[in-house]
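The values are calculated or read from the model by the stated rules, or taken from the named source; none is laboratory data. It should be emphasised that the depicted structure is a prediction, and the values quoted were computed from it without experimental measurement. No Cβ is skipped: glycine too gets one built from the backbone with ideal geometry, and neighbour counts run over all protein chains shown.
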Amino acid sequence: MMQVLHGLNGNEVQHRRLPEPNAELLPGIRWGSSEYLFTPAFWAAYSWQCLLAGQLPDRHRLGSTLREEVAACMLGGYGIPAEVGLAAYNRLRDFNLLNRRAAELEMREALLAPLSINGRSVRYRFARQKAAYLAEALSILDGAARLEELTDIELRNWLTVLPGVGLKTASWITRNYRDSDHVAIVDIHVFRAGCLAGIFPPSMAIERNYLDLERKFVAFAEAINVRPSQLDALIWDFMKRVGSLAISAFHEFERKAPCRPPRRAASRLPDHQRLRHRSRRDDPGASAAAIAADPPLYPRGRMTSSKLRRQSP
């Protein structure tokens, strides 16, 4: 039996039909019930609700130039709350340190000074390392030519030559700056959601299989008729807000999943520590093995679904 969704578009009631739960969405992946959290049908229904409510993100850029976007994404990431990363970025931009040849020392001093966030004084983590990486990255960008002629995938791969930038951060920059649907930001939140939906095989890991996970995510988004860039942002926001529920469901998935590879401690290290163990001057395509598991920086939205039920085991 078809699944029927109901939603409000202004004062008008609208309906959408989804295939029955046991129908195949992609080879080996079933739709599942839209009434249960984390199924493919749930994400299709949730995205549709957000569309009707006008809550689908239509702009991802944090900066006005590529240099600013690189800085915004590099200053966010693993171990850095979104509001702290944004505050650090805003400080460097306001001090005019991003669109000119600023010295590493200037950036370091700006990042070391306490930030004021919601009336609280907060210190930025990894200030020295991030300042060093960012100063070098902007210097490399100064010498780069004809980047606008690159495809989204080519630009993403090129960005991985910047110090402190792995495939995930490079994808984040590309998605934001170009509003791209050809790349995906597969962070830990999106990865958990993909595993719970059956999109990602339990044998895969972000650190080893980033490009394969990206391809599967883009195919999934296209199959449920949602732009990958918008679905990525919606999933990150939702998984972040349900917090412990998502983590508990994922741990249950891990216990039951066959052939789940053991976690490696190195995969939880931030970029500035993990990247010491690999060259940043190698071919961009060769850097896929060291991908950060840090969450992307994206403004939080509102939850539109209610009375959600956790997916049955």
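Tell me, which residue of segment 1-37 that is part of a loop (DSSP other than H, G, I, E, B) and of a type in the set (S, T, N, Q) is farthest from the chain's Cα centre (by Cα)? That would be ASN11.
The C-beta contact set for segment 237-256 (first residue outside the structural domain of PRO81 (by TED's automatic domain parsing), second residue charged (D, E, K, R) and crowded, with 18+ Cβ neighbours inside 10 Å, distance under 7 angstrom, 6+ apart or interchain) comprises MET239/ARG192; ALA246/ARG192; PHE250/ARG192. For segment 73-100, the tally of residues that are assigned to a loop (DSSP other than H, G, I, E, B) and crowded, with 19+ Cβ neighbours inside 10 Å stands at 6.
In this entry, GLU254 is excluded by the filter for residues that are surrounded by 14 or more Cβ atoms within 10 Å (Cβ to Cβ) and modelled with pLDDT of 50 or more.
Based on this model, can you work out whether GLY166 counts as assigned by TED's automatic domain parsing to the domain that holds MET107 and within 21 Å of the chain's Cα centre (by Cα)? It is true that GLY166 is assigned by TED's automatic domain parsing to the domain that holds MET107 and within 21 Å of the chain's Cα centre (by Cα).
Please work out which residue is farthest from TYR78 (Cα to Cα), limiting yourself to segment 114-152 and to residues that are small (Gly, Ala, Ser) and exposed (fewer than 12 other Cβ atoms within 10 Å of the Cβ).
Residue satisfying both the conditions and the ranking: ALA145.
Restricting attention to segment 73-106, the residues being more than 17 Å from ALA135 (Cβ to Cβ) and more than 25 Å from the chain's Cα centre (by Cα) number 1.
Return a yes/no flag: does segment 226-248 have any residue that is out of contact with any Gly (no Cβ under 8 Å at 6 or more places or on another chain), under 30 Å from ALA53 (Cα atoms) and acidic (Asp, Glu). Yes, because at least one residue in segment 226-248 is out of contact with any Gly (no Cβ under 8 Å at 6 or more places or on another chain), under 30 Å from ALA53 (Cα atoms) and acidic (Asp, Glu). Please determine whether any residue of segment 45-53 is surrounded by fewer than 12 Cβ atoms within 10 Å (Cβ to Cβ) and at negative phi. Looking through segment 45-53, none of the residues is surrounded by fewer than 12 Cβ atoms within 10 Å (Cβ to Cβ) and at negative phi.
Just one of the listed residues (ALA219, ALA205) is in the same structural domain as LEU231 (by TED's automatic domain parsing), among the aliphatic types (A, V, I, L, M) and modelled with pLDDT under 95, namely ALA205.
When you scan segment 30-38, do you find a residue that is surrounded by 21 or more Cβ atoms within 10 Å (Cβ to Cβ), under 24 Å from SER180 (Cα atoms) and in contact (Cβ under 8 Å) with a residue 24 or more places away in the chain, even just one? Scanning segment 30-38, I find no residue that is surrounded by 21 or more Cβ atoms within 10 Å (Cβ to Cβ), under 24 Å from SER180 (Cα atoms) and in contact (Cβ under 8 Å) with a residue 24 or more places away in the chain, so the answer is no.
The condition (being farther than 26 Å from LEU134 by Cα, acidic (Asp, Glu) and at pLDDT 95 or above) is satisfied by just one residue among ASP212, ASP152, ASP237: ASP212.
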